[in-house]
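J.: Mind looking over this structure? Questions follow.
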Amino acid sequence: MGEKKSQQEDMRIGVFICDCGSNIAGHLDCAAVTAYASTLPGVVYAKENLYTCSEAGIGEIQTAIKEHNLNRVVVASCSPRTHQPLFQSSCAAAELNPYLFEMVNIRDQCSWVHMQEREAATEKAKDLVRMGVSKAAFLEPQQDIEASLIPRVLVIGGGVAGLSAAETMAGMGLDVVLVEKEAQAGGLLRNINRLAPHGEKASDRISEMIEAVTVRPNVKPYLSSRIEDVEGYIGNFEITIRTDDGASFKEKVGCIVVATGAVPLKPEGMYGYDGKNVITQMELEGRLLKGPIDAERVVMIQCVGARSPEKEYCSRICCQTAVKNARLIKEQNPDAHVHILYRDMQMYGTENERMLWDARGEGVRFDMFSPDQPPTVGDGYVSLYQALTGETVEIPCDLVVLSTPLVAREDVSTLSQLLRVPVDQNNFFLEAHAKLRPLDFATDGIFVCGSARYPANVEEARSQGLGASSRVATILFKDKLVISAIVAEIDPETCVGCMGCMDMCPYGAIDYLPEDRICQVNTILCKGCGSCASTCPSQSAMLKGFKPQQLLAQIRAV
């Protein structure tokens, strides 16, 4: 008891309560919380701010650290997810170890969820602040983890997204290793006739992209090759590449960009598909590449194999492709009759919307069908039930074109396991966050772009390639890799080597050392999730910044 009292007497804690405008102060009494904070053991300074994250608020924290000789700082405001790095760096600028900072969330966890309960919300905010101060007393100074970086990048896939990323990063001065499993780069674009919405030749576009990459001396291409093994971590990956002729090569890179693309679904058993009179949009592209098609009456059916119980997602780009090809057919033969049968038209963007209206003006016919009563394909006609009139009509046709979705490649699961990155329910690669980190994986140093993450048109794939390059640059243009010290550690004296933590770790950051019969954390791979610490039977695994002593202090306080 005396030891605990002595430690609290040594503490000089500063507490800053943020009004966050009216987000917090509008729903609880921040002045009362500040006054209460000043009475807590170890607190020598308490201050209420209008916006603690503002320049003035940051300045007050830094001034208080120096004037009041603070050795711990607690900020009670909004979410640490968004603002903790700012406050930690501010403490560091005032020469206080950033890991001696604790953040209390009295916005998301208090004012926002108790908007109509001002008095109760104020009391809860006091509880949260008391818990934060109690934990702060047991915080320990930490040092960020540093590691070396290899300024090279692996790009997997030589389609639009991969070529865009490779060209951009090579232009930045980074060395690029490009691996393409086909004998020629270009991806699906090599089989496309023209591009929407302006009608430029796909062959010209992809040839320019390939040339822009191949002329770069710092791009090392591997064609007819696959990734066989991946070892290491961000900044230091070792890749094994195997070519189709059996040769094996090893390359060391700092980051990886996944741009493996997707493939069109083959509609086997749907709408009488035979590859002759009933074909896919991709097969129509091949015919258009050779010249005008030999068909006067064409019916296109949308959402074939998509938006169904088997594949619930919308492929997004099928409608654009259908309208583009319908207009090309009308351009080749203005007297041709072209029908597009659709459930909904996905023509997002002003240019695509204009393309749809131009198609209508050029005589392309659009008819809607219900998924409960889809069209049926007969010999020389397509039967369509029109819900508006309640009648079934037969549309004569020489050619039926099925718009099928892009689907994930068959080898996605293999690559996913090699890279230790997730895929979604449709086997597309799953980004870390659809809005905040759309091109990142949860695994640091690995990025995704193009149709590997979801069906994308050419411009989207190109833009995502540029975006992935920018994300790589934020890592490889630094002198060294600096990682948060909030990682797990395993006490070698008490570890019994049961390897239970290895099963729980989602990042593969724990290794077993057979010679010592203990487990060890790879701090570069560790993300500080705490799974190992919460399940270790011998309590040997602990998470820095969230050790039992620190968490129990919060529990006792509340």
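The values are calculated or read from the model by the stated rules, or taken from the named source; none is laboratory data. Everything numeric here is computed off the predicted structure, so don't read it as measured data. We place every Cβ from the backbone using ideal geometry, glycine too, and count neighbours over all the protein chains shown.
J.: Would you point out which residue out of L70, L96, L100 is within 15 Å of G14 (Cα to Cα), surrounded by 17 or more Cβ atoms within 10 Å (Cβ to Cβ) and under 33 Å from the mean Cα position of the chain (by Cα)? Even if it seems obvious, please write down each step before you answer.
T.: Working: L70 fails: under 33 Å from the mean Cα position of the chain (by Cα); L96 fails: under 33 Å from the mean Cα position of the chain (by Cα).
Result of the check over L70, L96, L100: L100.
J.: Check off (1) surrounded by fewer than 24 Cβ atoms within 10 Å (Cβ to Cβ); (2) at negative phi for A161 and give me the number that stays unchecked.
T.: It is condition (1) that A161 fails.
J.: List the pairs whose first member sits in the stretch 333-352 and is free of Cβ contacts under 8 Å to residues at least 60 places away in the same chain and more than 21 Å from L288 (Cβ to Cβ), whose second member is among the polar types (S, T, N, Q) and surrounded by fewer than 17 Cβ atoms within 10 Å (Cβ to Cβ), and whose Cβ atoms are under 9 Å apart, counting only residues at least 6 apart or on separate chains?
T.: The qualifying pairs are R343/S370.
J.: Which pairs do you get when a residue that is free of Cβ contacts under 8 Å to residues at least 60 places away in the same chain, found in the stretch 154-165, comes within reach of a residue that is surrounded by 24 or more Cβ atoms within 10 Å (Cβ to Cβ) and part of a helix (DSSP H, G or I), reach meaning Cβ atoms under 9 angstrom, with the pair 6+ apart or on two chains?
T.: none
J.: I'd like to verify a number: residues in the stretch 423-476 that are crowded, with 17+ Cβ neighbours inside 10 Å, in a strand (DSSP E or B) and either at pLDDT below 95 or aromatic (F, W, Y) (or both), how many?
T.: Residues in the stretch 423-476 being crowded, with 17+ Cβ neighbours inside 10 Å, in a strand (DSSP E or B) and either at pLDDT below 95 or aromatic (F, W, Y) (or both): 2 in total.
J.: Take S534 and tell me if it is modelled with pLDDT of 95 or more, among the hydroxyl-bearing types (S, T, Y) and closer than 29 Å to Q417 by Cβ. It would help to see each step written out before you state the result.
T.: Numbers: modelled with pLDDT of 95 or more: no; among the hydroxyl-bearing types (S, T, Y): yes; closer than 29 Å to Q417 by Cβ: yes.
So S534 does not fit the description; no.
J.: Applying the selection to the stretch 479-534, what residues are part of a loop (DSSP other than H, G, I, E, B), among the aliphatic types (A, V, I, L, M), surrounded by fewer than 17 Cβ atoms within 10 Å (Cβ to Cβ) and out of contact with any Cys (no Cβ under 8 Å at 6 or more places or on another chain)?
T.: Listed by number, the list holds a single entry, V496.
J.: Oh, and also: Take the residues in the stretch 302-322 that are of a type in the set (V, I, T) and either part of a loop (DSSP other than H, G, I, E, B) or touching a Pro at 6+ places or on another chain (Cβ under 6 Å) (or both); name whichever of them is farthest from D358 (Cα to Cα). Steps first, please.
T.: Just the residues of the stretch 302-322 that are of a type in the set (V, I, T), to begin with: 304, 317, 321.
If we keep only those that are either part of a loop (DSSP other than H, G, I, E, B) or touching a Pro at 6+ places or on another chain (Cβ under 6 Å) (or both) as well, we get 304, 317.
Numbers: V304: 24, I317: 18 Å.
The selected residue is V304.
J.: Among the residues of the stretch 439-472, how many are at positive phi and touching a strand residue (DSSP E or B) at 6+ places or on another chain (Cβ under 8 Å)?
T.: 1
J.: Counting only residues that are part of a helix (DSSP H, G or I) and either aromatic (F, W, Y) or not assigned by TED's automatic domain parsing to the domain that holds V104 (or both), how many does the stretch 31-79 have?
T.: Let us first name the residues in the stretch 31-79 that are part of a helix (DSSP H, G or I), namely 31-37, 55-67.
Applying the additional criterion that residues be either aromatic (F, W, Y) or not assigned by TED's automatic domain parsing to the domain that holds V104 (or both) yields 36.
Adding up the residues that qualify gives 1.
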